[in-house]
Amino acid sequence: MNPRLLRLADAPAAAILIQTSFAGQPVDPPPSASRETAETVAAHIARHGGAGWEAGTGLAGILLWSEHPDALYVGRLAVDPLARRQGVARALLAFAELEASRRGLTCLRLAVRVELIANHRLFAAIGFQEVGRTAHDGYDRATSIDMEKQLV
């Protein structure tokens, strides 16, 4: 199947997928994704949009985005644990690239937790480069890596 734009009706399933996908991640501070609800996801979809990957019984992956002046910021990339390592994340990010280009934007941006080494590798393998590091409030060390992929 191919990625598609998320619909408001996808919000309940997307919220569950986000919570399931982010649960148990070894990150400090704990992921804010655990607080996502159908309502918060619906509000994000209505205002900014996102993409979904459907498999047999429902959503197997989602990606939320928001437009910045020169970039499409992608976040909440979530893939069902049973659908991982099947190209879902790559397909969703490729779809986000198309959306960014459609909007006339020149890059994709994202942030990934320092502890999630496999995610760094995935993003680097598809062309993202580290552009900075940030710390969550109350932390005196970097907790996230900022990455971007130039599209032009």
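Mind listing whichever residues of the range 16-39 are of a type in the set (F, W, Y) and more than 15 Å from L63 (Cα to Cα)?
The initial filter retains those residues of the range 16-39 that are of a type in the set (F, W, Y), namely 22.
Answer for the range 16-39, where residues must be of a type in the set (F, W, Y) and more than 15 Å from L63 (Cα to Cα): there is none.
Looking at the structure I just gave you, is A43 more than 24 Å from A135 (Cβ to Cβ), over 13 Å from the mean Cα position of the chain (by Cα) and touching a residue at least 40 places away in the same chain (Cβ under 8 Å)? Judged against the criteria, A43 is not a match. Assess whether S66 counts as being polar (S, T, N, Q) and within 12 Å of the chain's Cα centre (by Cα). Yes: the conditions hold for S66.
The lone criterion from (1) modelled with pLDDT of 90 or more; (2) surrounded by fewer than 13 Cβ atoms within 10 Å (Cβ to Cβ); (3) among the aliphatic types (A, V, I, L, M); (4) more than 15 Å from the chain's Cα centre (by Cα) left unmet by L5 is number (4).
Residues that are crowded, with 20+ Cβ neighbours inside 10 Å and either part of a loop (DSSP other than H, G, I, E, B) or without any contact (Cβ under 8 Å) to a residue 12 or more places away in the chain (or both) within the range 107-128 comprise just one, F128. Give me the residue from the range 77-104 that is surrounded by 22 or more Cβ atoms within 10 Å (Cβ to Cβ) and farther than 14 Å from L59 by Cα and, out of that set, nearest to the chain's Cα centre (by Cα). Residue satisfying both the conditions and the ranking: L93. Evaluating H68 against the criteria (1) touching a Lys or Arg at 6+ places or on another chain (Cβ under 8 Å); (2) surrounded by 14 or more Cβ atoms within 10 Å (Cβ to Cβ); (3) at pLDDT below 95 leaves one unmet condition, (2).
Just wondering, is there one or more residues in the range 15-22 that are closer than 19 Å to H136 by Cβ, surrounded by 15 or more Cβ atoms within 10 Å (Cβ to Cβ) and among the β-branched types (V, I, T)?
Restricting attention to the range 15-22, the residues satisfying the condition of being closer than 19 Å to H136 by Cβ are 18, 22.
Remaining after also requiring surrounded by 15 or more Cβ atoms within 10 Å (Cβ to Cβ): 18, 22.
When the remaining residues are screened for being among the β-branched types (V, I, T), the result is 18.
Looking for residues that are closer than 19 Å to H136 by Cβ, surrounded by 15 or more Cβ atoms within 10 Å (Cβ to Cβ) and among the β-branched types (V, I, T), one finds at least one in the range 15-22, hence yes.
The values are calculated or read from the model by the stated rules, or taken from the named source; none is laboratory data. Keep in mind that what you see is a predicted model, and the values were worked out from it rather than measured. Cβ atoms come from the backbone with ideal geometry, glycine included; neighbour counts cover every protein chain shown.
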